[in-house]
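Encoded as structure tokens, the structure appears first; notes follow it.
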Amino acid sequence: MTEPVIAARDVVKRFPGVLALDRVSLSLAPGEVHALVGENGAGKSTLIKILTGVYQADAGEIAYAGQPVTFARPLDAQTAGISTIYQEVNLIPLMSVARNLFLGREPRTRIGLIDTGRMNREAAEALARFNIDADVTRPLRTIGLGAQQMVALSRAVATDAKVLIMDEPTSSLEPREVETLFRVVRELSARGIAILYVSHRLDELYQLCSNVTVLRDGRVVHTGRIADLDRLTLISHMLGRDLAQVRREGVTGFTGHGDAAATEPVLVADGLTKRHVLHGISFDVKPGEVVGLGGLLGAGRSETAKAVVGALPVDSGAVTIAGKRLRRNSPKKAIRAGVAMLPEDRKAEGIIPGLSVRENIVLAALPRLTTAGVVSRARQDRIVETFMKRLRIKASSPEQRVSELSGGNQQKVLLARWLCLHPKLLLLDEPTRGIDVGAKAEVQALVDELAGEGLAVVLISSDLEELVEGADRVVVLRAGAVVGELAGDDVSEHAIMATLAAHEGEPDE
Amino acid sequence: MSELAARPGWDRRQLARYVQNYGVYAAVVVLLAYNALFTRNFVDMGNMRTQLVQVAPVIIVALGMALVIGTEGVDLSVGSVMALAAAVIPLYLGFGLWPAIIMSLLIGLAAGLVNGTLVAVVGLQPIVATLALLVAGRGIALVIAGGQLKQVHNADLIALGTNDVAGLPVVVWIAAVLALLTGLLVRRTTYGRQLVAIGGNRAAAGLAGLPVRRVLIVTYVLCGVLAGLAGVLATARLRASDPSAIGNLMELSAITAVVVGGTPLSGGKVRVLGTVAGALVMQLVRATLIKHDLPDSTAQMVQAVIILVAVYVARERRTR
């Protein structure tokens with residue numbers, strides 16, 4: 001085997017309270033296309049950031065072309081020959097294609113001005129090599145996303161890169177553009193450039209990559225040739241389930257909410273479609289039923305939830321709540337119809353950090369506590385007291401700032417915000433992520449209790465155990481489409497992973 | 001580990017928070033006390049009256065500005081809206097005082113509607129959206145006024161600018177009542193709470209079903225109407241409608257009052273009483289320096305320092 005062009009050895013990175021990377025090793029030979037996979041929080045981005053000089057490792061070493069190196073800044077890594085292409089194109093949309101290609105290294109005339117003629121000519125040549133036919137004098141944003149991605153690529157390799165890191169490059173591309181991208185990647189690999197390829201689309205990995213490294217919770221759980229690894233095993237590595245022991249026993253308090261089958265569904269989602277994101281998602285949820293949405297990262301689970309509450313405008317498809325179809329959906333209308341959603345990103349989309357616990361709880365209910373525009377403090381206090389007690393929210397007082405609370409308590413505050421509206425349908429997107437074990441159990445028990453009272457619940461969780469224990473039925477998504485539905489005794493971790501793997505072979509839509 | 005880090009800085013944190021919350025009121029008291037002791041004829045009825053009359057329009061405009069800033073926005077057009085309101089007064093004064101005032105307020109409302117729509121519906125940055133009206137508004141006002149100052153002789157309007165009620169000038173009463181109403185609006189009404197929530201986290205507020213657009217538009221409208229009212233009062237005091245001078249640089253005075261009063265530019269918090277105190281501090285500082293025969297340029301530099309100090313004190317401490 002040839003000497004690796006870049007190698008990380010026993011790299012450790014700590015953040016306050018988290019061990020982000022725990023003795024991670026990874027090496028890339030020239031011309032190798034290496035897949036890096038893992039779920040959210042596995043440490044992929046941290047590793048990339050260390051390789052590109054954004055972060056520095058706390059321990060361990062990075063060797064570049066056989067020499068130990070430290071990249072203090074991203075620029076150091078770039079000068080050394082490590083280029084990165086991010087998910088979202090990192091270029092300047094209003095500048096011309098050629099300017100973007102040559103940004104920071106423009107050809108100059110003798111008196112130091114930019115030699116536009118030469119720059120445009122060379123830019124056109126560079127793109128032609130990748131079979132991209134675009135007018136290089138037009139602003140970057142006027143060309144397609146795929147072509148923009150190509151510009152980023154040619155920019156990356158034009159700087160004499162030895163290593164190319166691609167972070168989910170295909171997430172916003174059309175299938176045809178993906179093909180072009182693959183062709184270019186193969187060409188680059190043939191030229192001896194080592195490529196680290198991050199993606200959640202397993203199909204792509206099997207098509208493109210020779211080796212794979214799986215990260216989970218900051219540790220390398222597997223590394224080796226991708227051809228030796230079948231999809232099911234790969235998925236089980238990513239999700240952290242030992243195939244031999246996935247069959248869980250133990251009674252779940254969640255199953256058997258009576259005659260759910262007989263009643264009218266609270267939610268009917270019918271053919272929710274949004275270009276590049278959702279492809280005809282249909283499912284229903286009955287009162288007292290907990291329906292889980294399963295799938296890998298990027299499968300469209302959160303997007304489905306957002307489409308149901310009207311926070312993600314869809315191209316087509318219908319959402320029906322308790323028999324009434326929501327037209328031109330918006331969060332406001334969905335909430336009025338009885339839908340509540342606990343968003344995945346608690347900080348960005350949930351809490352209002354500057355306000356108190358009380359104000360965060362009553363936020364959505366304000367109009368209902370108002371007479372002639374004035375909010376009744378007594379009615380607020382009553383609600384807040386009830387829910388703080390019922391959800392056991394630990395705060396020094398209702399007037400404490402919500403940002404001072406722990407993650408678990410913030411989550412409970414958000415739950416209270418929705419529960420005081422008495423919703424019919426509750427959408428929970430990763431309700432227990434990032435909260436401590438005790439609070440996690442409390443939230444899970446609460447979901448169970450609420451379903452017992454007849455609330456319809458949609459549960460999104462990357463934690464398979466939580467999904468299997470919590471859900472009566474699991475709808476499995478992949479690449480924005482429903483690929484399977486499991487109910488009753490069929491709901492098991494193994495079955496979910498098998499469904500995910502079985503459908504991986506099918507071509508993308 | 002956070003406990004270890006927190007311990008030694010605890011007292012300083014507490015102090016910082018105290019300064020953040022009450023510093024501006026302390027500044028008002030200190031300035032008054034200083035002048036009572038060292039400045040002749042400062043704390044007497046005549047001078048206090050002048051100071052209050054001068055600061056009242058700033059307070060009225062700053063109240064609206066505080067609401068807008070609370071939504072993480074800013075309204076640069078308030079000065080021009082004052083000029084617009086002043087410009088229409090002579091046109092309608094023939095019908096009586098009330099029609100003229102109502103037209104002025106309607107002009108303010110229309111300006112606010114334009115600003116609010118540009119921000120909430122079109123999605124422009126507030127600073128850009130309101131910049132348009134800052135530039136255009138005064139131009140339109142000059143066109144309406146035919147480019148010249150017009151004396152007003154309506155006795156009712158002049159009375160509004162000069163008369164007293166219960167020992168205090170009418171304008172001061174108006175500013176005080178409006179401050180009280182704005183305080184209630186922010187603290188006690190659904191609109192006020194929604195405004196603060198939207199300023200604190202717009203994405204979350206939208207997902208919680210709050211009428212984000214409506215609240216933003218109403219906020220800019222309130223700010224516009226208050227600026228219109230300030231324009232009327234300025235005209236009454238000047239006894240003339242002078243669109244080229246009325247409200248000049250008022251946007252900066254108002255923003256300064258709000259910031260010095262402890263409302264963060266990042267939104268999510270509205271300090272109404274603080275805003276009033278902020279306007280008073282700036283007024284008193286300037287008056288103090290002038291009474292001590294320091295040139296206006298010095299006053300401006302001191303004011304600049306106060307703004308920097310206020311922003312430094314008010315900056316959000318990271319809790320994470």
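Condition (residue is under 22 Å from the mean Cα position of the chain (by Cα) and free of Cβ contacts under 8 Å to residues at least 40 places away in the same chain) applied to the range A:298-307: is it met by at least one residue? Explain how you work it out, then say what you get.
Taking the range A:298-307 and keeping what is under 22 Å from the mean Cα position of the chain (by Cα), we get A:298-307.
When the remaining residues are screened for being free of Cβ contacts under 8 Å to residues at least 40 places away in the same chain, the result is A:306-307.
Yes, the conditions are met somewhere in the range A:298-307.
Residue-by-condition table, conditions (1) within 14 Å of chain B (Cβ to nearest Cβ); (2) crowded, with 16+ Cβ neighbours inside 10 Å:
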residue: A:8; (1), (2): no, yes
residue: A:19; (1), (2): yes, no
residue: A:26; (1), (2): no, yes
residue: A:29; (1), (2): no, yes
residue: A:33; (1), (2): no, yes
residue: A:36; (1), (2): no, yes
residue: A:47; (1), (2): no, yes
residue: A:61; (1), (2): no, no
residue: A:70; (1), (2): no, no
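Let's see how each residue does on (1) at pLDDT 90 or above; (2) within 22 Å of residue A:445 (Cβ to Cβ); (3) more than 13 Å from every other protein chain (Cβ to nearest Cβ); (4) under 26 Å from the mean Cα position of the chain (by Cα):
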{"site": "A:317", "(1), (2), (3), (4)": "yes, no, yes, yes"}
{"site": "A:324", "(1), (2), (3), (4)": "no, no, yes, no"}
{"site": "A:335", "(1), (2), (3), (4)": "yes, no, no, yes"}
{"site": "A:348", "(1), (2), (3), (4)": "no, no, no, yes"}
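Could you say which residue among A:42, A:77, A:57 is within 28 Å of the chain's Cα centre (by Cα), closer than 17 Å to residue A:194 by Cα and outside any strand (DSSP E or B)? I'd like the intermediate steps shown before the answer.
On the way: A:42 fails: closer than 17 Å to residue A:194 by Cα; A:57 fails: closer than 17 Å to residue A:194 by Cα.
Of A:42, A:77, A:57, the one residue that is within 28 Å of the chain's Cα centre (by Cα), closer than 17 Å to residue A:194 by Cα and outside any strand (DSSP E or B) is A:77.
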query: Only one residue in B:265, B:249 is surrounded by fewer than 24 Cβ atoms within 10 Å (Cβ to Cβ), within 14 Å of another protein chain (Cβ to nearest Cβ) and either among the polar types (S, T, N, Q) or over 23 Å from residue A:375 (Cβ atoms) (or both), so which one is that?
result: B:265
query: Do we find a residue being assigned to a helix (DSSP H, G or I), within 14 Å of chain A (Cβ to nearest Cβ), under 27 Å from residue B:277 (Cβ atoms) and at pLDDT 90 or above anywhere in the range B:62-80?
result: yes
task: Select from the range A:368-392 the residues that are over 30 Å from residue A:438 (Cα atoms), part of a helix (DSSP H, G or I) and in contact with a helix residue (DSSP H, G or I) (Cβ under 6 Å, 6 or more places away or on another chain) and list them in ascending order.
output: A:369, A:379
- line: Conditions (1) touching a residue at least 24 places away in the same chain (Cβ under 8 Å); (2) closer than 30 Å to residue B:129 by Cα; (3) over 23 Å from the mean Cα position of the chain (by Cα) -> residue B:92 fails only (1)
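Looking only at residues in the range A:404-414 that are within 13 Å of chain B (Cβ to nearest Cβ) and crowded, with 18+ Cβ neighbours inside 10 Å, which one is modelled with the lowest pLDDT?
Here is the first cut: in the range A:404-414, the ones within 13 Å of chain B (Cβ to nearest Cβ) are A:404-407, A:410, A:413-414.
Keeping just the survivors that are crowded, with 18+ Cβ neighbours inside 10 Å gives A:405, A:410, A:413-414.
Details: A:405: 84, A:410: 90, A:413: 93, A:414: 93.
Applying the filter and picking the extreme gives A:405.
In the set A:465, A:399, which member is of a type in the set (Asp, Glu), surrounded by fewer than 19 Cβ atoms within 10 Å (Cβ to Cβ), touching a residue at least 40 places away in the same chain (Cβ under 8 Å) and within 24 Å of residue A:303 (Cβ to Cβ)? Give the steps one after another, and end with the answer.
Details: A:399 fails: within 24 Å of residue A:303 (Cβ to Cβ).
On inspection, the qualifying residue turns out to be A:465.
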message: Looking only at the range B:194-209, how many residues end up being of a type in the set (A, V, I, L, M) and out of contact with any Gly (no Cβ under 7 Å at 6 or more places or on another chain)?
response: 6
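Take the conditions within 14 Å of chain A (Cβ to nearest Cβ) and modelled with pLDDT under 90 and apply them to residue B:271. Does it pass?
On the way: within 14 Å of chain A (Cβ to nearest Cβ): yes; modelled with pLDDT under 90: no.
Judged against the criteria, residue B:271 is not a match.
Does residue A:421 satisfy being in a helix (DSSP H, G or I), touching a strand residue (DSSP E or B) at 6+ places or on another chain (Cβ under 9 Å) and within 14 Å of chain B (Cβ to nearest Cβ)? Show your work before the answer.
Working: in a helix (DSSP H, G or I): no; touching a strand residue (DSSP E or B) at 6+ places or on another chain (Cβ under 9 Å): yes; within 14 Å of chain B (Cβ to nearest Cβ): yes.
For residue A:421, the condition - in a helix (DSSP H, G or I), touching a strand residue (DSSP E or B) at 6+ places or on another chain (Cβ under 9 Å) and within 14 Å of chain B (Cβ to nearest Cβ) - is not met.
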task: Would you mind finding the one in B:281, B:221, B:276 that is at pLDDT 95 or above and either more than 21 Å from residue B:130 (Cβ to Cβ) or within 14 Å of another protein chain (Cβ to nearest Cβ) (or both)?
output: B:276
- line: Filtering the range B:208-219 down to residues that are out of contact with any Phe, Trp or Tyr (no Cβ under 7 Å at 6 or more places or on another chain) and assigned to a helix (DSSP H, G or I) yields B:212, B:213, B:214, B:216, B:217, B:219
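Here is a yes/no grid of residues against (1) surrounded by 16 or more Cβ atoms within 10 Å (Cβ to Cβ); (2) under 28 Å from the mean Cα position of the chain (by Cα); (3) not small (Gly, Ala, Ser):
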residue	(1), (2), (3)
A:117	no, no, no
A:120	yes, no, yes
A:125	no, no, yes
A:138	no, no, yes
A:147	yes, yes, no
A:152	yes, yes, no
A:156	yes, yes, no
A:170	yes, yes, yes
A:176	no, yes, yes
3 or more residues farther than 21 Å from residue B:67 by Cα and away from every other protein chain (no Cβ under 14 Å): qualifying helices (runs of 4 or more DSSP H) within the range B:111-207: B:126-144, B:155-162
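Which is over 30 Å from residue B:270 (Cα atoms) and of a type in the set (A, V, I, L, M, F, W, C), of B:97, B:67? Before the answer, list the steps.
Numbers: B:67 fails: over 30 Å from residue B:270 (Cα atoms).
Step by step, each of B:97, B:67 is checked, and only B:97 is over 30 Å from residue B:270 (Cα atoms) and of a type in the set (A, V, I, L, M, F, W, C).
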query: Just checking, how many residues over the range A:422-449 are crowded, with 17+ Cβ neighbours inside 10 Å and modelled with pLDDT of 90 or more?
result: 7
field: Elements of type strands (runs of 3 or more DSSP E) contained in the range A:428-509, each with 1 or more residues being among the small types (Gly, Ala, Ser), closer than 26 Å to residue A:351 by Cβ and not assigned by TED's automatic domain parsing to the domain that holds residue A:170
entry: A:456-460
- prompt: Which members of the range A:293-325 meet the condition of being touching a Ser or Thr at 6+ places or on another chain (Cβ under 7 Å) and either in the same structural domain as residue A:363 (by TED's automatic domain parsing) or assigned to a strand (DSSP E or B) (or both)?
  reply: A:293, A:316, A:317
task: Run residue A:147 past the list (1) part of a helix (DSSP H, G or I); (2) of a type in the set (A, V, I, L, M); (3) closer than 25 Å to residue A:6 by Cβ and report the number of the one that doesn't hold.
output: (3)
message: With the requirement that a residue be at the interface with another protein chain (Cβ under 9 Å from one of its Cβ atoms) and among the polar types (S, T, N, Q), what does the range A:362-387 give you?
response: A:370
message: Cβ-Cβ distance below 9 Å, separation of 6 or more or different chains: which pairs start in the range B:276-299 with a residue that is farther than 17 Å from residue B:179 by Cα and end on one that is of a type in the set (Lys, Arg)?
response: B:291/B:40; B:296/B:286; B:299/B:286
query: Is the range B:118-133 home to any residue that is on the phi > 0 side of the Ramachandran plot and surrounded by fewer than 16 Cβ atoms within 10 Å (Cβ to Cβ)?
result: yes
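The values are calculated or read from the model by the stated rules, or taken from the named source; none is laboratory data. Only a predicted model underlies this, so the values are computations on that prediction, with no experimental measurement involved. Because the Cβ atoms are built from the backbone with ideal geometry, glycine has one as well, and the counts that use them run over all protein chains shown.
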